[in-house]
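Structure record follows, encoded as structure tokens.
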Amino acid sequence: MGMAISSEGLAAEYQEPLGPAGVRIRERPRQPLLEGHVAVAVKTAGINHLDLWMAHGMQRVDPPRVICADGAGVVEEASGGRWKPGDEVLLLPTVSDGTCEQCQAGNEVFCPHFGILGEHVDGTACERLQVPERMVYAKPPALSWEEAAAFPLTFLTAYRMLTTRARLQRGETLLVVGAGAGVSVAAIAIGKHLGARVLTTSRSEAKLERARQLGADEAIPTEGFSGPVRELTAKKGADVIFDSVGAATVDEDLKALALGGRIVTCGSTSGPKVTLLWPRVFFKHADILGSTMGNSGEFEEVLELVGAGLKPVVDSVYPLAEVEQALAHLDAAEQFGKVVLRVAE
């Protein structure tokens, strides 16, 4: 594959599909520095729904697997001249071979070996992580360590969805379905930055209020949201609908969509099978767009946005030893923003 990832020291490892209880702390052996790699002493790691689904046995991943795609820390060792010990860095949450035609063209998401840290290879919830040099980026100085591990996967995913895939334009109406998820929080922030009018939904009044504080122009209950969306848009509907929920909301999405609108999705938290009223798709000239993660060029653009003041929302921080409690908190769907593990002070 042209790359190797090595999670070392104390690590949070998915061992069996029992839900949060199936992820346990164990010691991984430390390895000599690999050629072309950087060894990072991890300070913080971000938890995503991906880790939870894996713990529940919903991903096709054979344990053991160290969890978490997002990580930030300090360079411990580096081969090559770009990084030196002491540099503060964060990690690109995706892996690819770096050599194929798609990678060379900057389309890593189409690499035959494309994957996600913590799913297809071991992840960041460990004391020391070795990754290829091209996966290492400077930590934006304005971010805390917790914030630095709270944005890479969700912001990269949301940015590609809204720009490359849905082509969101200034002045358009964006509907973000389900305000509390990390990727939705990122979409609200990025949508506002791109100049859209942002509507969002939640089943929780507290999350609706948080979404308004974050900059959402309108925040409405999820139940039957298409009616209020059409009212708020003078019957036109939303130009772009950002949905990571799937089965439970796609019917409302199509009812809330403007003519020629785009639904963009990266997830199916309510289940993998969707039933559509197919005429709604063609009568509305609707685009239904899938998206997963993003390319390194898109990640560099996200880093520029973060450098310009866009910040992730950290819901809560748990020490590495309390990874089971952290996953259980995410499983309860009470979070707003990202759940982060603190690996080292």
Any hit, the stretch 20-34, residues being surrounded by 15 or more Cβ atoms within 10 Å (Cβ to Cβ) and part of a helix (DSSP H, G or I): no
Residue, farthest from Val245 (Cα to Cα), within the stretch 161-220, restricted to residues that are in contact (Cβ under 8 Å) with a residue 60 or more places away in the chain and in a strand (DSSP E or B): Thr173
Candidates Glu231, Glu172 - the one that is modelled with pLDDT of 95 or more, surrounded by fewer than 19 Cβ atoms within 10 Å (Cβ to Cβ) and of a type in the set (Asp, Glu): Glu231
Unique residue being at pLDDT below 95 and aliphatic (A, V, I, L, M) when the list is Leu289, Leu254, Leu310: Leu310
Condition broken by Gly73, with the remaining ones in (1) closer than 30 Å to Val245 by Cβ; (2) touching a helix residue (DSSP H, G or I) at 6+ places or on another chain (Cβ under 9 Å); (3) at pLDDT 95 or above satisfied: (1)
Selected residue [without any contact (Cβ under 8 Å) to a residue 60 or more places away in the chain, farther than 27 Å from Leu143 by Cβ and under 19 Å from the mean Cα position of the chain (by Cα)] from Ile263, Ile241, Ile288: Ile263
Among the candidates Leu330, Leu341, residue that is under 30 Å from Ala142 (Cα atoms), modelled with pLDDT of 95 or more and surrounded by 13 or more Cβ atoms within 10 Å (Cβ to Cβ): Leu341
Total residues in the stretch 55-103, condition within 17 Å of the chain's Cα centre (by Cα) and surrounded by fewer than 24 Cβ atoms within 10 Å (Cβ to Cβ): 1
Conditions (1) in contact with a Pro (Cβ under 9 Å, 6 or more places away or on another chain); (2) farther than 26 Å from Gln102 by Cβ; (3) surrounded by 22 or more Cβ atoms within 10 Å (Cβ to Cβ): number failed by Val38: (2)
The stretch 104-126, subset surrounded by 21 or more Cβ atoms within 10 Å (Cβ to Cβ) and under 22 Å from Glu13 (Cβ atoms), residue farthest from the chain's Cα centre (by Cα): Cys126
Qualifying residue in the stretch 127-134 (condition: at pLDDT 95 or above, in a helix (DSSP H, G or I) and either closer than 30 Å to Val264 by Cα or in contact with a Leu (Cβ under 9 Å, 6 or more places away or on another chain) (or both)): no
Residue check, Leu276 over 17 Å from Thr200 (Cα atoms), more than 15 Å from the chain's Cα centre (by Cα), outside the structural domain of His193 (by TED's automatic domain parsing) and not aromatic (Phe, Trp, Tyr): no
Residue among Arg60, Arg82 that is within 27 Å of Arg160 (Cβ to Cβ), free of Cβ contacts under 8 Å to residues at least 40 places away in the same chain and either in a loop (DSSP other than H, G, I, E, B) or not hydroxyl-bearing (Ser, Thr, Tyr) (or both): Arg60
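Table: residues versus (1) under 27 Å from Ala150 (Cβ atoms); (2) buried (at least 17 other Cβ atoms within 10 Å of the Cβ); (3) touching a helix residue (DSSP H, G or I) at 6+ places or on another chain (Cβ under 7 Å).
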position: Ser202; (1), (2), (3): yes, yes, yes
position: Arg210; (1), (2), (3): yes, yes, no
position: Ile220; (1), (2), (3): yes, yes, yes
position: Ser270; (1), (2), (3): yes, no, no
position: Val274; (1), (2), (3): no, no, yes
position: Phe282; (1), (2), (3): no, no, no
Residues (out of contact with any Cys (no Cβ under 8 Å at 6 or more places or on another chain), assigned to a helix (DSSP H, G or I) and buried (at least 21 other Cβ atoms within 10 Å of the Cβ)) located in the stretch 135-157: Met135, Trp145, Glu147, Ala148, Pro152, Leu153, Thr154, Phe155, Leu156
Test for Phe155: is it modelled with pLDDT under 95, under 15 Å from the mean Cα position of the chain (by Cα) and of a type outside the set (Val, Ile, Thr): no
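The values are calculated or read from the model by the stated rules, or taken from the named source; none is laboratory data. Predicted, not measured: the structure shown is a model, and the values here were computed from it. All Cβ positions, glycine included, derive from the backbone under ideal geometry; neighbour counts span all protein chains shown.
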